[in-house]
1. Within segment 158-207, how many residues are under 26 Å from Ile52 (Cβ atoms) and part of a strand (DSSP E or B)?
2. Kindly provide the set of residues from segment 74-98 that are buried (at least 21 other Cβ atoms within 10 Å of the Cβ) and polar (S, T, N, Q), ordered by number.
3. List pairs: first residue in segment 133-151 and over 20 Å from Ser207 (Cα atoms), second residue surrounded by 19 or more Cβ atoms within 10 Å (Cβ to Cβ) and modelled with pLDDT of 90 or more anywhere in the structure, Cβ distance under 6 angstrom, at least six positions apart or on different chains.
4. Please indicate, with yes or no, whether at least one residue in segment 99-120 is in contact with a Pro (Cβ under 8 Å, 6 or more places away or on another chain), surrounded by fewer than 19 Cβ atoms within 10 Å (Cβ to Cβ) and either of a type outside the set (S, T, N, Q) or modelled with pLDDT of 95 or more (or both).
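The values are calculated or read from the model by the stated rules, or taken from the named source; none is laboratory data. Quick caveat, the model's predicted, so the values are computed rather than measured. Note that we place each Cβ from the backbone using ideal geometry, even for glycine, and neighbour counts take in every protein chain shown.
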Amino acid sequence: MTQSATSAQSAAGDAGLLIETVTDPGLAPAIADVAASTFPLACPPHSTPENIAAHIEQVLSAARFAEYLADPRKQVLVARTGAGGPIVGYALLVHDLPADPDVRAAVDAFPAGAAAVANGTVAEISKMYVLPEHHAVHSRLRPSHALMNAAVDAARDRGATLVWLGVHSGNERAKRYYAKMGFRQIGTKSFNMNGAIEHDFVLARES
């Protein structure tokens, strides 16, 4: 079953790309395949293959995506190469207040953040990845930009006034991309990847 597509679908579809919210658990293996292919590319150079593999198994497996698809607090968006085409990217939103105290403090200090927390209008873009071979193949609208626009629109449609995400402190390319998409750093947090403690920047923007 597929829910109604986000408002970015039309513009993306014109470029041969379709972005939609999905709930069908049968799509979990395909989304997990994209996750397993793309997550290692975002890891810092010192990440071990063992830690990467463990994280994929613990967080990005087909079984975990089936859970995400069934969770009413979460929303999965996929990017396809046209209607019924293969999945080339995905985003996972969490429609809930941040549980991490470092993130909560950073959001509270952000302009309009305290009000968003008080009103419960905060959303997290927990994950967002596009297969590298599709980063620039759709000339009119890059899949990564279309997917981010769709994710922010989806958060807004669910009532969010502020969206946040975490990015590894050493991932310069990702930080430049998020800055282009309107995010700015508001704090820091730790990220545990199979026992290895990594350091993330917390970024946010109003939706």
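1. 21
2. Matches in segment 74-98: Gln75 only.
3. Correct list of pairs: His134/Val88.
4. The answer is yes, given that some residue of segment 99-120 is in contact with a Pro (Cβ under 8 Å, 6 or more places away or on another chain), surrounded by fewer than 19 Cβ atoms within 10 Å (Cβ to Cβ) and either of a type outside the set (S, T, N, Q) or modelled with pLDDT of 95 or more (or both).
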